[in-house]
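First the structure, which I've put down as structure tokens, then a few questions once you've had a look.
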2 protein chains.
Amino acid sequence: MSWEETANQIPPVDQAAIAAMRERVDQLTKPTGSLGRLEDLAVQLAGIAGTLNLDVGRKVVVVAAGDHGVAAEGVSAYPQEVTGQMLALFAAGHAAINIISQTVGADVIVVDAGVAQPPADADERVLPVRVGPGTADFLREPAMTHQQAATAVEAGIRIADDLISDGAGLLAAGDMGIANTTSAAAIIAAITGADSDTIVGRGTGVDDAGLVRKREVIQQALALHRLDPGDGLAVLVAVGGFEIGVMAGIMLGAAARQKPVVIDGVIAGAAALIADRLAPAVRPYLIAGHRSTEPAHSVTLAHLGLEPLLDLSLHLGEGTGAALAFPIVEAAARLATQMWTFAEAGVAMKSDAGQ
Amino acid sequence: MSWEETANQIPPVDQAAIAAMRERVDQLTKPTGSLGRLEDLAVQLAGIAGTLNLDVGRKVVVVAAGDHGVAAEGVSAYPQEVTGQMLALFAAGHAAINIISQTVGADVIVVDAGVAQPPADADERVLPVRVGPGTADFLREPAMTHQQAATAVEAGIRIADDLISDGAGLLAAGDMGIANTTSAAAIIAAITGADSDTIVGRGTGVDDAGLVRKREVIQQALALHRLDPGDGLAVLVAVGGFEIGVMAGIMLGAAARQKPVVIDGVIAGAAALIADRLAPAVRPYLIAGHRSTEPAHSVTLAHLGLEPLLDLSLHLGEGTGAALAFPIVEAAARLATQMWTFAEAGVAMKSDAGQ
């Protein structure tokens, strides 16, 4: 199925369920509004699921890895081989995202969206999408072909669809890819119109000279490609990454099946902007897990109208900030369905005592 | 054992473990600093435990309930009988704190610190401390006797000690008590010196007239009792609550056994201020779970030098904001101990690529 067909299948959220959940939340045994953002989350989840009977089901973090030709321009503090090495580490279960996922009871699915040097011994534990052996250098030419972009997005849709058929009810999209904060910043500047100089951050930790170089590369690439901010696929083709396409596909695929997706940091944010351009109906299915310290992330969240659940100064990627937010989302769903109402509990409602 | 003896037993945090954990955190397979506040948490936990081998063990939320004579002054939106009714609901497992604790894998211990109308049928599932049938009205006389205050604190110490002997490694202190935001605001004003008018909030939701009344009551009570801000027990005696004394004791008892305590909202914050006055060594053992919307809470956190992990506009109490932060604390501990280092993983370190 083409990504366009999936995009057209995303239903609007259920306004009746939203209204009914707002009413239910106010009947639970707590002062009105005292669960704060958990109440808003419960309402959002009801709208997504189209029911008050919320059950997040299996929680899954999809970590998509891809390499970036633009790494050759000296925009990252780490060599490109680290992408494949980290992919192997995810598959072996020893990276940050594995530990956090264990803590919150989530599974990790590792996707090779297209790394330059795939790990030899990790094949069985890695989903081999492999759109290509890394993108082309987008300072000189488009990062990928139109066909590659569609392939990446459609692979993400299929992965989400399969996971949901397998019981997943809460997904997160995370990333790994040396130089991908450069790709993400270019996407975010192209789509939001934000000034690329002010939104470029240090990524994994480039020094001052590296930061200047990142800014130059993004400015020159945007001048080269002359992107239409409304054309999400063209932006992905020009300055995107295979893992970013897969993540955008995860979001579309989940929304088409009426499941929420928690987005991670700046790379997932860039993927969300692309997903939002491909299918504006996806937006109410997105939950922002956290606010990254990368400046482009706050611009992205504001553009999408998302308020993050966590703000812990993370900037690791891998889905870490999304997975850490899973318990908050799960708590909201459980509170809304399992807490007793004042009537069920036989607890006195508000009196005139304070009046 | 008296609370003074426990206070004297709280060891300073382990500076060698702190330094060693800082070093270890920088060797893990991630860009330096990219786990943000989780790295600081891991360092704090190492200092508390005196080892790099962190294990949070059993997670327990202690919910202490108590009634307040000052409720007679019309400072709450709910009638006093709700305290006992909610105690029964906690014991039956249907309140917000029960659902959140299930979500994060924590146990709930319910303590009747001294409610006016204890539930008849919940005895077996409630720890009966019962310092008294609610405090006296502190607008007219001290809320409790010196002996009652010591009894409440020492009960909390004993509960923490028993839980830790039983395998608990991460505790939270939560509360229930109609009118206890009035008590908490009085404590916070007395100890921090903050202007009581600006820090008083709506608690469970008093209207404008109720808010004016709360401010009057606190001002008059502070004028009546003329408290020494350095004398934590005297503040507890004059304007405190039995559940607040128990919570302060939980903090002292946990610290004496080198275990961290996650504090909840404004009531737990008031208890932390008292614990801090009784034993300044307790402070590095405290973790702020969240920032409540009650204005007095931010004043309290600033006074204690604590930065909350969550900011979700909660103002429910019961330990909800603390329990929601448990996965973050647990993730920090697990990441620090279970993630592989660059050397263990065979992943390339930073190159000169960005320079």
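The values are calculated or read from the model by the stated rules, or taken from the named source; none is laboratory data. Predicted, not measured: the structure shown is a model, and the values here were computed from it. Heads up, the Cβs are rebuilt from the backbone with ideal geometry, glycines too, and the neighbour counts pull from every protein chain shown.
Residues in the stretch B:219-228: is at least one part of a loop (DSSP other than H, G, I, E, B), surrounded by 24 or more Cβ atoms within 10 Å (Cβ to Cβ) and touching a residue at least 12 places away in the same chain (Cβ under 8 Å)? Talk me through it step by step, then tell me what you get.
The initial filter retains those residues of the stretch B:219-228 that are part of a loop (DSSP other than H, G, I, E, B), namely B:226-228.
Among the residues that remain, those that are also surrounded by 24 or more Cβ atoms within 10 Å (Cβ to Cβ) are: none.
No.
Of the residues that make up the stretch B:251-262, is at least one within 17 Å of residue B:180 (Cα to Cα), touching a residue at least 12 places away in the same chain (Cβ under 8 Å) and buried (at least 24 other Cβ atoms within 10 Å of the Cβ)? Spell out the reasoning first.
Narrowing the stretch B:251-262 to residues within 17 Å of residue B:180 (Cα to Cα): none.
The answer is no, given that none of the residues of the stretch B:251-262 is within 17 Å of residue B:180 (Cα to Cα), touching a residue at least 12 places away in the same chain (Cβ under 8 Å) and buried (at least 24 other Cβ atoms within 10 Å of the Cβ).
Mind counting the residues in the stretch B:276-314 that are under 18 Å from residue B:47 (Cβ atoms) and assigned to a helix (DSSP H, G or I)?
The initial filter retains those residues of the stretch B:276-314 that are under 18 Å from residue B:47 (Cβ atoms), namely B:276, B:279-288, B:304-307, B:309.
This time we only want the ones that are assigned to a helix (DSSP H, G or I), so: B:276, B:280-285, B:304.
The total comes to 8.
Scan the stretch A:173-227 for residues that are under 20 Å from residue A:313 (Cβ atoms), at pLDDT below 95 and away from chain B (no Cβ under 14 Å) and jot them down.
Hits for the stretch A:173-227 are A:198, A:199.
Same structure again: Check every one of the helices (runs of 4 or more DSSP H) wholly within the stretch B:1-117 and list those with 1 or more residues that are away from chain A (no Cβ under 14 Å).
Working: elements: B:3-9, B:15-25, B:37-49, B:81-92, B:96-104.
Passing ranges, in order: B:3-9, B:15-25, B:37-49.
Turning to a different aspect of this structure: Filter the stretch A:167-201 for residues that are in contact with a Lys or Arg (Cβ under 7 Å, 6 or more places away or on another chain) and touching a residue at least 60 places away in the same chain (Cβ under 8 Å); which is farthest from residue A:246 (Cα to Cα)?
A:200
Which residue out of A:106, A:96 is touching a Phe, Trp or Tyr at 6+ places or on another chain (Cβ under 7 Å), at pLDDT 95 or above and of a type in the set (Gly, Ala, Ser)? Even if it seems obvious, please write down each step before you answer.
Numbers: A:96 fails: touching a Phe, Trp or Tyr at 6+ places or on another chain (Cβ under 7 Å).
A:106 is the lone residue from the list that is touching a Phe, Trp or Tyr at 6+ places or on another chain (Cβ under 7 Å), at pLDDT 95 or above and of a type in the set (Gly, Ala, Ser).
For residues that are part of a helix (DSSP H, G or I) and at the interface with chain B (Cβ under 8 Å from one of its Cβ atoms), tally how many sit in the stretch A:315-325. Spell out how you get there, then give the answer.
Filtering the stretch A:315-325 down to residues part of a helix (DSSP H, G or I) leaves A:320-323.
Pick out the ones that are also at the interface with chain B (Cβ under 8 Å from one of its Cβ atoms) and you get A:320.
So the answer is 1.
Another question, then. Please work out if residue B:212 is surrounded by fewer than 22 Cβ atoms within 10 Å (Cβ to Cβ), of a type in the set (Val, Ile, Thr) and farther than 25 Å from residue B:116 by Cβ. Steps first, please.
Numbers: surrounded by fewer than 22 Cβ atoms within 10 Å (Cβ to Cβ): yes; of a type in the set (Val, Ile, Thr): yes; farther than 25 Å from residue B:116 by Cβ: yes.
Answer is yes for this residue.
Quick one: which of B:281, B:271 is modelled with pLDDT of 95 or more and surrounded by fewer than 23 Cβ atoms within 10 Å (Cβ to Cβ)? Let's see the steps before the verdict.
Working: B:271 fails: surrounded by fewer than 23 Cβ atoms within 10 Å (Cβ to Cβ).
None of the other options fit; the residue is B:281.
Something else about it: Taking residue A:169 and the conditions (1) assigned to a helix (DSSP H, G or I); (2) touching a strand residue (DSSP E or B) at 6+ places or on another chain (Cβ under 9 Å), which numbered condition does it fall short on, given that it satisfies the others?
Unmet condition: (1).
Write out, first by first residue and then by second, each pair whose Cβ atoms fall under 8 Å of each other, whose residues are 6+ apart or on separate chains, and whose first residue, in the stretch B:330-355, is under 24 Å from residue B:57 (Cα atoms) while the second is modelled with pLDDT under 90 and surrounded by 16 or more Cβ atoms within 10 Å (Cβ to Cβ).
Sorted first by the residue in the stretch B:330-355, then by its partner, the list stays empty.
Tell me, yes or no, whether the stretch B:327-340 has at least one residue that is within 14 Å of chain A (Cβ to nearest Cβ), buried (at least 24 other Cβ atoms within 10 Å of the Cβ) and of a type in the set (Phe, Trp, Tyr). Steps first, please.
Going through the stretch B:327-340, the residues within 14 Å of chain A (Cβ to nearest Cβ) turn out to be B:327-340.
If we keep only those that are buried (at least 24 other Cβ atoms within 10 Å of the Cβ) too, we end up with B:327-333, B:335-336, B:339.
Cutting the leftovers down to of a type in the set (Phe, Trp, Tyr) gives us none.
Looking through the stretch B:327-340, none of the residues is within 14 Å of chain A (Cβ to nearest Cβ), buried (at least 24 other Cβ atoms within 10 Å of the Cβ) and of a type in the set (Phe, Trp, Tyr).
Which members of the stretch B:298-342 meet the condition of being within 23 Å of residue B:20 (Cβ to Cβ) and either in contact with a Gly (Cβ under 7 Å, 6 or more places away or on another chain) or among the hydroxyl-bearing types (Ser, Thr, Tyr) (or both)?
Within the stretch B:298-342, B:337, B:341 qualify.
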